[in-house]
Structures are given as structure tokens and as C-alpha cells.
Amino acid sequence: MIAALLFGGLLLSGTVMFRNLLGRRTCEAAFLGSLLACCEGVLIVLAFGAAGRLAPGLVALATFCLFILHGLVALFHQKEELPMLGGGLQRWAFPPVFWPAAAIFFAVLAFRLFIAWKTPPDAWDGLSYHLPIVFRWIRQGDLSLGGWPTFHRTIAHNGEYLAAWLSLLDGGRMEAAKLSQAAALPLMFTSAAVLGRRHGGAVWSLPCGLAACAAPLALIQAGIPYVDLFYGASFLAAAAAAVLFDRTGLAVHLAAFAAAFGLALGAKSTAYLQAPLLLLPFWTLCLRRDLRLKAALWLIPLTLLSLALGGSTYIENWRAHGNPVYPFEFKVGGWTVFLGPMSPSELLTEVERWFVSSPAGWLWYPFRESFRGRLVYGSEHGFGPVFAACYAVLPAAAWAALRSRNRSALWLAAMIPMTLAAFFLFQPTREPRYIMFLPGLVLPLAALALRRAQGWARSAARLGWSAGIILSCVLFLGWFGGEKDYRDAWKLLRSRGRIEPAEFYKARFDTLGQAWAFLDKRLERGDTVAVNYAELILPWAGLPPRAEVHVVGHRATLLPDALYGELPEEWMNLLDSLRVRYLGLWEPRWYPGLDEVERDFIRRQPDRFRLLGLWETGGMGKTAVYEVLPKPGSLPALPRD
Amino acid sequence: MDGSRTRPGRRAAGAAAAVLFWVGLLAYAWLQRSLLPGIAELFR
């Protein structure tokens, strides 16, 4: 709650500051304020992390100082002629036909965030690395990830920085971190609104923002610790800033572009998707001679800004391994640009088949969003009905953009095929969540076509847009109610007002959840747990997390300094050197025999392990918890701190 | 540019866009309708 208050304060003070400073539209000021808040959060964590001083008090103090600074700048730049802050919400700018959609959207969003707040951290990748990385940083007070077992240690981390910032504002707890993507919603909303304002006019500004955030995928991701929503919002922010710069030629809008571009670059290592964003600022500068000299002077500072916000992992990888995208190799046309031990094709490339039977299936996928043959939404997909309707409008919208002779509209129309081409050519794992920015590009372009409608067609378009937002929220609720785990959690919340993490995880992850719940009762602060598999590792640290968790394998991986022991003695010595007190062995149903080597090691050293629990029946596979006994003749290991 | 000459064409394009929007919206609602019963589960 404190994190929400501090973040909200920073957002509001930033908005007022930009409104007073620039004297521009409220929507643009809110956009710049949202962008600034995210940038400040990321920079605070980077700065304190580099100094090894990631502590709740210091981070909260720094955030409060920025809040005061925004307020002071706003105070000394007041302009009497500015209209009131709510001026943008006048009836002509947001017609009553959209009001029910706005009310239902905010009600459903509140429901979504309430459920996420009351249930423990959820979602696969969130429990496997997004949150465990944040938990480790906060526990140790710096940003090092030495020994981390998977490639996630060397890829872009801005989403995790944002989560760490919010967590530290909340005293270091994971409750704020698990909701960190909700902090990107204002940025997504205002970015889509700015794009909608530019292409559809004042009437379509807020509806574009609403529709972008009402996509079922955005509602789902707002409550889970992933980074796709944050990336999508940053991407759209770069697009919105490029459009603003094209219109105004102001340095602050070019700086916003550089910041948002860096923010997105630092959230996901997918520069190929972002490359088309650069075209509009370059196009603007090619045609605006008056801006060229200024832009040349801004080039170095803005590049540095972009690198500060999104380049840290790339620079560190380059310094340590000579490859900014380490551990992945990077090839262009058969020529290896950067060497790395992993090929992107080693990623789980078959995930595309979860959605479509062949790549051509993506053409009609927006109308029928299935996953493994079932019509459901999920953390990977769900662009919703407004996107589908705007997708149907796309040919008319592209034609309208072509006829408009407007640079920004033409660029926006070209962005869609360019980003999709990059997605299909370069993206090894094709899931809709990786292009969460797409609705934010398609919606404003459709608004460009719809703004031309007059009379009955205009009313129909507005009514349809409003109905689409409501339908999106209703279908999201329908999916939510159809998911047994969420439905049961909601029923418990209604009847008791709370749900225990152990209950939730037992229902959601069966055997694994039972092992976590069992271990949680025994764990003491400072205990160390070792596990054999690098997925879903956060709950092994306790519910709430409090222990140190290491993934200890039995063979070398492609990453240096991974923890492993090939021989029983090596493996046991490693456990002893890490002062491991509990060992969790998981044999996932889909990887039979994964724990076989570790079980053999345990059988060879029966005096060092005591089986505490074994859970075998369930869809997640077999899970066991062992206590690691001290060496005969040695003192028992005491918990650290 | 003479706006009066292009206006009827623009209006027709706008009307076509509105129709396409509704076609897309209804197609989506029909194809995804199996999600709707889940709402009743939330109130049970």
C-alpha cells in the first residue's frame, strides 16, 4: 500500500510538473509523468544497486526527494492561463457513450488487482526467475546474480528493477513486486491515449487508452510478475513520444523518445522489434532542417540517457563476454556477429503450436484466441474484442493513413507490418505477449479511419468501441470464472476474506504445492534450501519467501559458475559448502527421470539425508523434501543470520 | 486541396470502417462466446 501511495504521488507530481513546465495538454503531461516515474524507479534501483545499498529506507527516501523535486519545479512554473487539470475530460472530449465502458473497465481492473493482491505470487515465469531474481537482489542489497543457473541472469532486467523498486518502497516484501506491472498501466494508458489523440482526434484519445488497457492480456498481466506489459507500455511510450516530437519538434519529446526506447530495450532483449521505432524521429529530422543542428547536439546526451535506462545488461555482457546478448550467439545471414554458447533456436520454439497449427494461422487468430486447442485467455495471449474489431478495420485504416498524407499516420500504418515482419523473422519463440504493444498501434490507426464516420456511422463506431471494451472486460471475467484455481480462490476470499498461500499453491501446483506448504512450516529465517530444477523456485524459499535457495545440478551447464557436482562427493561437498539444510527434489511429469542422478547420490550417502516428505500423485509429477544431516562427528549447521 | 470534393468519399470510408468494426466485433464475440458462462461461476 505504501508503495502504491509513493508511486501514485510520484506519478501525480510528475504530471503536474510537466503540465506547468510545458503548458501542454493534460494527456501529454500525464504521459510524460508516467514515463518519468518508471524511469526514476529503474534509475534508483540501478544507482543504489551499483553502490550495494539496496535498502528500503534509502530507496523510499530517494523516491520522496524526487516527489518533492517535482513539486518544487511545478510550484515555480505555475501558469495562470492553463485550464484546470480536468479540462481534458469535458463531455466533448469524452462523450457519454464511453462512460459505461470506463466504469466497467475500472471496476474489473480493481477486481483483478484485488485478487492478485490477496493471493500469493502466481504465474510460471514469475515464480521461476522474475521474482526470485528480485528477492535475491533485495536479500543481498546489490544486483549481482553470480551462480544463477539460467540465462535469465544476463538478459535485460528493467521489469525486475521496477519490481525491486516497488518492493523496496513496501519494505522489501514481495507483495508490491508481484503487482509491479500494474505500475506500467498508466504508461500504457497514456501512451495509447496520446497516439489516439494524434490520429483519431480528441474524442478518440481516452477510448484508445481504455481499450489498450482493457485487453484481457493486459488485465491478466497487471496481476502477475511478468515483464511483457511493462515492455509493451515502454514500446508504446516510445511510439507516442516519436509522434509528439514529429508534431512539436520539442527537445523534451525527443528526450522522452530516447528514455522510453531505453526503457523498452532494457525490459526485453528484442531490439529487432524496436528498430522501426527509430524511423519516425529520423524522418522528422530529415524534413525539419531547423531541428537538425539541435538534434546533432542532443545526440550524445540522449544516447547516454537511453543507455543509462536500458543498456546496463548489454554493456556488462559486452565487458564480461564480448557479446552484448550473451549467452546467445547472434548471426546475420550466416555470419556470426557475436559468439555465445547458446543459440536462440534452443529456446522453446515449439510454443507457437500452442496457439496456431501453422504460422498462417496467425492471420485469423485475433478472432479466435485459443491455447492448446482450448478457447481461453492466459498470461501469454488475449488481445480481446476491440483489437479484433480494429484488425478488421485495418485495410480501411491503412487506406485512410495513405490518403491522409500525414507522416505520423503513415509511419504508424507501416509500424504494424514492420514489427510483425521482425517478429516472424527473428523472434525464436512466438507468443502474443511478446508483441503486447500491437493493440496500442492498431487501435489509434483504426481510430483514424473511424473518425471519418458521420451521422449513424459515427454513433455506431463509438457505440461499438464502448461495447468492445465492455465485452473485453466481461470475457475476461468469464475466463477468470472458468479457471478452477482462480474461481476457488475467489470463493474463499468471499467467504473468509483471505486465502493462505499454502492453500492456493496446493490447489494450483498440487504435489509441488504440498511440498512447499510442508517445507514452509519448518523453514527458519536464514535457512538454505537446494533444489535440483530451476523452475518455480521462489516458493521453496518459504511462504512468504525468507530462505536462500540454490539450484544445484549434477552436470555443467553452458553458463559459467553454475552450481553442480558430477560425482556424489563433489555434489555433497557443494551442499555442505552452501550450508544447505533442506533439499527439494522435483521430477516433473514432463521430464521423467530428471531427479534420478540426485536420488542415486542420496542413496549412496544414507547417513546424510532424511526423507521428510514425498508427494507422488498429481499432474506436476513427483516431489520430495529431504533434510540434510550434518557430517557424522561435525557440529550441526546453524542457520545464517 | 479541395475538402468539399473529398468529403463524400471520406464519409463513405468512415461508414465502411464502422461496419467493418462491428463485423469484427460480432465475429469475435461469436467465436469466443464459450467464455461467457464462466461469469455465472463467480457468483455461485
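The numbers here are math on the coordinates, done by the rules we state, and not lab data. Every value quoted in this text rests on a predicted model; they were computed, and no experiment measured them. Heads up, the Cβs are rebuilt from the backbone with ideal geometry, glycines too, and the neighbour counts pull from every protein chain shown.
A few notes on this one:
- In straight-distance terms, cross-link reach from A:Lys622 covers every one of the aspartates and glutamates whose alpha-carbon lies under 16 Å from its own, apart from those fewer than eight places away in the same chain; here that gives A:Asp510, A:Glu535, A:Glu587, A:Asp595, A:Glu596, A:Glu598, A:Asp600.
- Close amide H contacts of A:Gly613 (hydrogens built in the peptide plane, cut-off under 5 Å, sequence separation of 5 or more or a different chain): A:Val625.
- Long-range HN-HN contacts of A:Lys622 with modeled amide H, under 5 Å: A:Glu587, A:Arg589
- Computed about its Cα centre, the charge dipole of region A:257-371 is approximately 520 debye, with only Lys, Arg, Asp and Glu carrying charge at their Cβ.
- Each Cα pair under 8 Å and six or more residues apart adds its sequence gap; the mean of these over the residue count of region A:185-278 is a relative contact order of 26 percent.
- Using the rule -39500 (n - 2.57) for each DSSP H run of four or more residues, divided by the residues of chain B, the 222 nm mean residue ellipticity is -27000 deg cm²/dmol.
- Sites excluded, chymotrypsin sites (Phe, Trp or Tyr not before Pro) in DSSP loops with at most 16 other C-beta within 10 Å, longest stretch of chain A: A:93-363
- Selection from A:Cys27, A:Thr528, A:Leu69 lying farthest towards where the dipole of the protein assembly as shown points positive, charges on Cβ: A:Cys27
- Computed magnitude of the charge dipole of region A:1-157 (debye, nearest 20; Cβ of K, R +1, Cβ of D, E -1): 120 debye
- Within chain A: Cβ-based charge dipole about Cα centre, in debye rounded to nearest 20 (Lys, Arg +1; Asp, Glu -1): 2220 debye
- Under the Karplus curve 6.51 cos²θ - 1.76 cosθ + 1.60, θ = phi - 60°, whole-Hz ³J(HN,Hα) for region A:6-16, x wherever Gly or Pro sits: 5, 5, x, x, 5, 4, 5, 5, x, 5, 5
- Toward the positive end of the charge dipole of chain B, with +1 on the Cβ of Lys and Arg and -1 on the Cβ of Asp and Glu, the farthest Cα among B:Trp30, B:Ala12, B:Phe43 is that of B:Ala12.
- Each residue of region A:273-286 was assigned a 3J(HN,Hα) from its phi angle through the Karplus curve 6.51 cos²θ - 1.76 cosθ + 1.60 (θ = phi - 60°); the sequence is 6, 7, 3, x, 4, 6, 5, 5, x, 5, 4, 4, 5, 5 Hz, with glycine and proline shown as x.
- Antiparallel bridge percentage (DSSP; both residues within the protein assembly as shown; nearest 5): 65 percent
- Acute angle (nearest 10 degrees) that the helix A:501-522 long axis makes with the longest principal axis of chain A, alpha-carbon atoms: 50 degrees
- Chain A gives an Rg/Rh value of 0.98, both radii derived from C-alpha positions and Rh following Kirkwood.
- Per-residue [θ]222 nm for chain A (sum of -39500 (n - 2.57) over DSSP H runs n ≥ 4, rounded to 500): -18500 deg cm²/dmol
- Residue-wise HN-Hα coupling along region A:571-578, computed from phi with Karplus coefficients 6.51, -1.76, 1.60 (Hz; x: Gly, Pro): 4, 5, 4, 5, 4, 5, 5, 8
- Value of relative contact order over chain A, rounded to a whole percent, pairs C-alpha under 8 Å and six or more apart: 14 percent
- Against chain A, whose longest principal axis is taken from its Cα atoms, helix A:205-214 shows a tilt of about 20°.
- Förster radius 60 Å - calculated FRET efficiency between A:Leu558 and A:Ala296, Cβ distance, rounded to 0.05: 0.90
- Cα gyration tensor category, rounded, prolate or oblate, for region A:184-250 with a/c compared to 1.5: oblate
- The residue among A:Leu563, A:Pro344, A:Val549 whose Cα reaches farthest toward the positive pole of the charge dipole of the protein assembly as shown, with charges on the beta-carbon of Lys, Arg, Asp and Glu, is A:Pro344.
- A:Gly565 long-range amide H proximity, modeled H, under 5 Å: A:Gly553, A:His554, A:Arg555
- Using the Cβ-Cβ distance between A:Glu524 and A:Ala55 with R0 set to 22 Å, the FRET efficiency works out to roughly 0.45.
- Percent RCO, i.e. relative contact order, over region A:471-598, from Cα pairs under 8 Å lying at least 6 residues apart: 18 percent
- Alpha-carbon centroid distance for the pair region A:136-160 / region A:496-538, whole angstrom: 22 Å
- Restraint check, A:Lys178/A:Lys491; A:Lys268/A:Lys331; A:Lys268/A:Lys491; A:Lys79/A:Lys294; A:Lys178/A:Lys521; A:Lys118/A:Lys484, Cα-Cα greater than 25 Å: A:Lys268/A:Lys491; A:Lys79/A:Lys294
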